[in-house]
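The values are calculated or read from the model by the stated rules, or taken from the named source; none is laboratory data. Here the structure is a predicted model, which means the values were calculated and not measured. Quick reminder, even Gly has a Cβ in these numbers, built from the backbone with ideal geometry, and neighbours come from all protein chains shown.
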Amino acid sequence: MANAYSHLLVHFVFASKKGSPEIDESWSNMLSRQIKAICSTYRCTVVEVSCVSDHVHLLIELAPTIGCAELMKYVKGFSSLWVTKSNLFNTKFEWERGYLAIALPNSLRDETVQFINNQKEFHENTTFKEEQNTLLTENGVPFSSVYLMRN
């Protein structure tokens, strides 16, 4: 082929440091906009993003010029720097080191967008640890429960 063609739909999930509820509702929309801007810089299209109190769900079309680890380094690094410099958090804001990345077929796009948009209601009855366990198990990702967030 004379050109690069790709369609990489990826659902990322990442948490605040130690999984504590640090993302305040008063600035979560601004954080979402920052994350969208960072992804756009790296030619990734944000389909949906939701920042809840202790974690973020991000559904993107990953550009063929960047990998998951590199994108997460930039998204988490620049967004935590933005939160800290904006004085939105009492101390230095940090994300946990890891993240979940699940490649999805386009047929699950709408269902995943709906899931991401309903995070606030979803977590009225389900902990983040339970959600992580379910996402990992349903997608066949091997994991150790020792590394899941506690809440």
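Observations
- Qualifying residue in segment 93-100 (condition: among the hydroxyl-bearing types (S, T, Y) and under 18 Å from S53 (Cα atoms)): yes
- The set of residues in segment 33-66 being of a type in the set (G, A, S) and part of a helix (DSSP H, G or I) consists of A37, S40.
- Taking first residues from segment 133-144 that are within 18 Å of A15 (Cα to Cα) and modelled with pLDDT of 85 or more and partners that are among the aliphatic types (A, V, I, L, M) and in a loop (DSSP other than H, G, I, E, B), no Cβ contact under 7 Å between residues at least 6 apart in sequence or on separate chains turns up.
- Residue, modelled with the lowest pLDDT, within segment 15-29, restricted to residues that are under 15 Å from the mean Cα position of the chain (by Cα) and part of a helix (DSSP H, G or I): G19
- Only a single item in (1) over 19 Å from P21 (Cβ atoms); (2) outside any loop (DSSP other than H, G, I, E, B) is not met by V141, and it is number (2).
- You will find that of I116, I66, the residue that is in contact with a strand residue (DSSP E or B) (Cβ under 6 Å, 6 or more places away or on another chain), closer than 23 Å to L135 by Cβ, touching a residue at least 12 places away in the same chain (Cβ under 8 Å) and not hydroxyl-bearing (S, T, Y) is I116 and no other.
- Yes/no for S16 being surrounded by fewer than 19 Cβ atoms within 10 Å (Cβ to Cβ), among the polar types (S, T, N, Q) and either out of contact with any Ser or Thr (no Cβ under 8 Å at 6 or more places or on another chain) or within 26 Å of T126 (Cβ to Cβ) (or both): no
- Lone qualifier among T126, T91, T112 - being within 17 Å of S16 (Cβ to Cβ), outside any strand (DSSP E or B) and of a type outside the set (G, A, S): T91
- Here F12 clears all of (1) of a type outside the set (G, A, S); (2) under 13 Å from the mean Cα position of the chain (by Cα); (3) assigned to a loop (DSSP other than H, G, I, E, B) except the condition numbered (3).
- Qualifying residue in segment 71-84 (condition: of a type in the set (S, T, Y), assigned to a loop (DSSP other than H, G, I, E, B), more than 16 Å from the chain's Cα centre (by Cα) and surrounded by 13 or more Cβ atoms within 10 Å (Cβ to Cβ)): no
- Enumeration of residues in segment 41-65 that are exposed (fewer than 15 other Cβ atoms within 10 Å of the Cβ) and over 24 Å from N118 (Cα atoms): T41, R43, P64, T65
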